[in-house]
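Enquirer: Please read through the structure below; I'll follow up with questions.
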Amino acid sequence: MGTRDLDPMQTKEERWLACARKSCCRDTIVYPSGTDIYRISTTLLVPPWDFTVALPAPDTAEDGFALDRTNARYRAALAKSESTQACTFLIFALDDAARCGLGALRPGPCHSFPSYLDGGEVKLMQGVCSCRTWTVDDVDVDLERDLLLAQARERETYKGVIGSWNAFVARAGDEGPYEYSDYCRYLLDAYAQMANATV
């Protein structure tokens, strides 16, 4: 099926679902926000360290968290399956077509893929999808902008949580180093407190 053989009235979501390969779920590293991690963990009742991993990040990364008092920083990313090197939530049907096991529970970056904001303008990444070459005609620009702006707000909240965690690690003295699971528990507690505060 060619990139223009699809129904022009399909939504971006429908076009993405129609792709059997889901190369984006194999080749892309997804960095969920704290909100994404909390939502997935509490909905599926699965601890974050079962579906995310801590990947090294530049020591200047605003969303980089510490596990000890060195300058080493990490970012939480969706884990990849050792056997398929694809997202841990990617499910393969009998015909080898790939489907996302999270559905609507997917992290924000998955919902907005392949869109990004450049100076407030919605643009689309190129060369990241084996099923089609995405253009702005394939997306609802206003919806994509809303998704991306919501993600930016979530990242700001997440940076605050990470900043508090990093300050805690810096004050910890001889305690530590900490495990990734310690950071995840802190994240879950912080977001639970925020959720309770809004009830």
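Quick note: the coordinates plus some simple rules give every number you see, no bench work behind them. Predicted model, so just to flag it, every value in this text is computed and none were measured. Here Cβ is always computed from backbone atoms with ideal geometry, including for glycine, and neighbour counts include all displayed protein chains.
Enquirer: For a quick check: with amide H placed at 1.01 Å from N, whose amide H comes under 5 Å from ALA57's, ignoring anything fewer than 5 positions away on the same chain?
Expert: ARG73, TYR74, ARG75
Enquirer: Tell me which cysteines of the chain come out unpaired when the rule is another cysteine's Cβ under 4.7 Å.
Expert: CYS24, CYS100, CYS110, CYS129, CYS184
Enquirer: Just want to confirm a number: the relative contact order over the chain, from Cα pairs under 8 angstrom separated by 6+ residues, in percent.
Expert: Details: 237 pairs, mean separation 56.0, N = 199.
It rounds to 28 percent for the chain.
Enquirer: With just the Cα atoms defining each centre, how far is the range 47-70 from the range 120-199? Give it in Å.
Expert: The range 47-70 and the range 120-199 have Cα centres spaced 12 Å from each other.
Enquirer: Collect residues whose amide H, placed 1.01 Å from N in the peptide plane, falls under 5 Å from the amide H of TYR178; neighbours closer than 5 in sequence don't count.
Expert: Long-range HN contacts for TYR178: ASP68.
Enquirer: Still on this structure, please answer the following. On average, how much area does the Cα convex hull of the chain cover when viewed from any direction, in nm²? Each step should come with its number before you reach the end.
Expert: Numbers: hull surface 52.3 nm².
In nm², the orientation-averaged hull projection of the chain is 13.1.
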